[in-house]
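**Student:** Have a look at the structure that comes next, please.
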Amino acid sequence: MPLMKEPRCVVEYECQKWEPNGIAARIDAPRFVMAAMESITPPWRPIPSRLAARFLGTSLQALANYRVRGLGPETEPMRRGWGNRIYYRPDKIAEWLSGGKFSDWQFSALWLQQMGMPIDGVSEDAVLERIAQLERVDGLFPAVNQLWRNFREVDAS
């Protein structure tokens with residue numbers, strides 16, 4: 001897999017191979033890939049449902065309906081307590097959108113390459129090792145709870 005700097009290259013290269021099933025066929029997959037590739041949040045980190053809906057180009061209610069009916073992407077359990085917050089991992093959304101043809105680690109590998117981080121031999125083990133290295137660096141990526149707080153502030157204004 002070549003090193004791709006342009007998000008458009010990634011979209012054209014990968015989305016042609018995707019075969020969305022069921023409700024996923026109604027979603028604009030290239031839009032999702034562009035949004036996820038341009039995000040500073042890595043695809044293996046959970047994002048709030050509001051951001052996931054924006055990435056997918058759907059309403060928050062439509063995403064909730066997909067989840068309740070078992071038609072949507074896999075959700076990520078986050079924390080107990082205040083409110084009913086639902087989180088999604090962009091790499092799992094990509095796996096759902098591709099109809100299982102594109103695994104979560106492959107989407108993470110594309111994001112890493114997009115950010116200019118070469119991976120020695122693109123394999124599941126190499127990608128997971130690079131992710132583990134990056135997660136050990138404190139403050140490199142925004143915390144998930146800060147993402148949620150930022151969304152509340154944006155919605156309030």
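**Student:** Only one of these is at negative phi, modelled with pLDDT under 90, in contact with a helix residue (DSSP H, G or I) (Cβ under 7 Å, 6 or more places away or on another chain) and of a type in the set (S, T, N, Q): 114, 146. Name it. Explain how you work it out, then say what you get.
**Tutor:** Working: 146 fails: in contact with a helix residue (DSSP H, G or I) (Cβ under 7 Å, 6 or more places away or on another chain).
Every option except 114 fails the conditions.
**Student:** For the range 26-125, please list each of the helices (runs of 4 or more DSSP H) lying entirely inside it that holds at least 1 residues being over 27 Å from residue 140 (Cβ atoms).
**Tutor:** Working: elements: 29-38, 49-56, 60-68, 90-97, 104-114.
Helices (runs of 4 or more DSSP H) meeting the threshold: 29-38, 60-68.
**Student:** Return yes when residue 23 is within 17 Å of the chain's Cα centre (by Cα) and touching a residue at least 12 places away in the same chain (Cβ under 8 Å) and no when it is not. Before the answer, list the steps.
**Tutor:** Values: within 17 Å of the chain's Cα centre (by Cα): no; touching a residue at least 12 places away in the same chain (Cβ under 8 Å): yes.
No.
**Student:** Here are 109, 62, 52, 94: which of them is without any contact (Cβ under 8 Å) to a residue 24 or more places away in the chain, within 22 Å of residue 18 (Cβ to Cβ), out of contact with any Cys (no Cβ under 8 Å at 6 or more places or on another chain) and not charged (D, E, K, R)? Please lay out each step first, then the result.
**Tutor:** On the way: 109 fails: without any contact (Cβ under 8 Å) to a residue 24 or more places away in the chain; 52 fails: without any contact (Cβ under 8 Å) to a residue 24 or more places away in the chain; 94 fails: without any contact (Cβ under 8 Å) to a residue 24 or more places away in the chain.
That would be 62, the only listed residue that is without any contact (Cβ under 8 Å) to a residue 24 or more places away in the chain, within 22 Å of residue 18 (Cβ to Cβ), out of contact with any Cys (no Cβ under 8 Å at 6 or more places or on another chain) and not charged (D, E, K, R).
**Student:** Answer yes or no: is there a residue in the range 93-108 that is surrounded by 15 or more Cβ atoms within 10 Å (Cβ to Cβ), touching a Gly at 6+ places or on another chain (Cβ under 8 Å) and modelled with pLDDT of 90 or more.
**Tutor:** For the range 93-108, residues surrounded by 15 or more Cβ atoms within 10 Å (Cβ to Cβ), touching a Gly at 6+ places or on another chain (Cβ under 8 Å) and modelled with pLDDT of 90 or more: present.
**Student:** Another question, if that's okay. Which condition number does residue 88 fail, the rest of (1) within 14 Å of residue 27 (Cβ to Cβ); (2) hydroxyl-bearing (Ser, Thr, Tyr); (3) surrounded by fewer than 20 Cβ atoms within 10 Å (Cβ to Cβ) being met?
**Tutor:** Status for residue 88: all satisfied but (3).
Conditions tested, residue by residue: (1) among the acidic types (Asp, Glu); (2) modelled with pLDDT of 90 or more.
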| residue | (1), (2) |
| --- | --- |
| 15 | no, no |
| 29 | no, no |
| 38 | yes, no |
| 50 | no, yes |
| 55 | no, yes |
| 66 | no, yes |
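The values are calculated or read from the model by the stated rules, or taken from the named source; none is laboratory data. This structure is a prediction, so every number in the text was calculated from the model and none was measured. Every residue, glycine among them, receives a Cβ derived from its backbone with ideal geometry; neighbour counts consider all protein chains shown.
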